[in-house]
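The values are calculated or read from the model by the stated rules, or taken from the named source; none is laboratory data. Owing to the predicted nature of the structure, the values given are computational and were not obtained by experimental measurement. Cβ coordinates were reconstructed from backbone atoms using ideal geometry, including for glycine residues, and neighbour counts include every protein chain displayed.
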Amino acid sequence: MRKPETEQLYADEFRVFLENRYAVLLRFGYLLTGDLAEAEELLDSVLANARRHWHFVRYAGAEVHVRKRLLTLALASWWRVLLGSRRKKYAPPRAEVTAPDDETAAMWQRLAGLPRLQRAILVLQYDENLPLPGISEIVGLPPKRITRLATEALHRLETA
């Protein structure tokens, strides 16, 4: 059992992480799922798990850990059945969201039509501006495979 001071330190570190990274991680979840409510539920599940294991997650690299879990769950279909509908634990007040223009909305619609893994790779590459090694670390595939999937995804977007 950990000391109360240690638990308070972990709670404070997690709160700071949440305050600084929640919006970015929610955007990542939204880009993976294409649905804000689903992204919030997904992120809440991942954050609840990260909080329970913060003593490990903080040393392993919290943001990379959370992104990996978001991607893993977004690619899986079973997590929706397990989660069901539940109250959000970690969601801060909602920020104002502006409606996209027609061109942006059309692009999001084409992006949503891609397989989830290809969409995730494009999001990491173009929205998150991650280099190939960073994408490879999060997705868990070799860089060559990432490059091929990204090329296929871009080709699909061009022909859609």
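Here are a few things to note about the model shown:
- Count of the range 58-71 residues which are assigned to a helix (DSSP H, G or I) and farther than 9 Å from residue 17 by Cβ: 9
- Subset tally (residues that are touching a helix residue (DSSP H, G or I) at 6+ places or on another chain (Cβ under 9 Å), surrounded by fewer than 20 Cβ atoms within 10 Å (Cβ to Cβ) and within 22 Å of residue 119 (Cα to Cα)) for the range 5-34: 5
- Test for residue 150: is it in a helix (DSSP H, G or I) and touching a Leu at 6+ places or on another chain (Cβ under 6 Å): no
- Among the residues making up the range 1-35, those that are closer than 21 Å to residue 122 by Cβ, part of a helix (DSSP H, G or I) and without any contact (Cβ under 8 Å) to a residue 12 or more places away in the chain are 24, 30.
- Residue 11 more than 27 Å from residue 140 (Cβ to Cβ), at pLDDT 80 or above and more than 13 Å from the chain's Cα centre (by Cα): yes
- Restricting 67, 2, 80, 58 to those that are at pLDDT below 90, basic (Lys, Arg) and crowded, with 16+ Cβ neighbours inside 10 Å reduces the list to 58.
- Pairs, first in contact (Cβ under 8 Å) with a residue 60 or more places away in the chain and not assigned by TED's automatic domain parsing to the domain that holds residue 29 in the range 127-156, second surrounded by 14 or more Cβ atoms within 10 Å (Cβ to Cβ) and hydroxyl-bearing (Ser, Thr, Tyr), C-beta under 9 Å, six or more apart: 140/72
- Check on residue 111, under 18 Å from the mean Cα position of the chain (by Cα), at pLDDT below 85, outside the structural domain of residue 14 (by TED's automatic domain parsing) and surrounded by 16 or more Cβ atoms within 10 Å (Cβ to Cβ): yes
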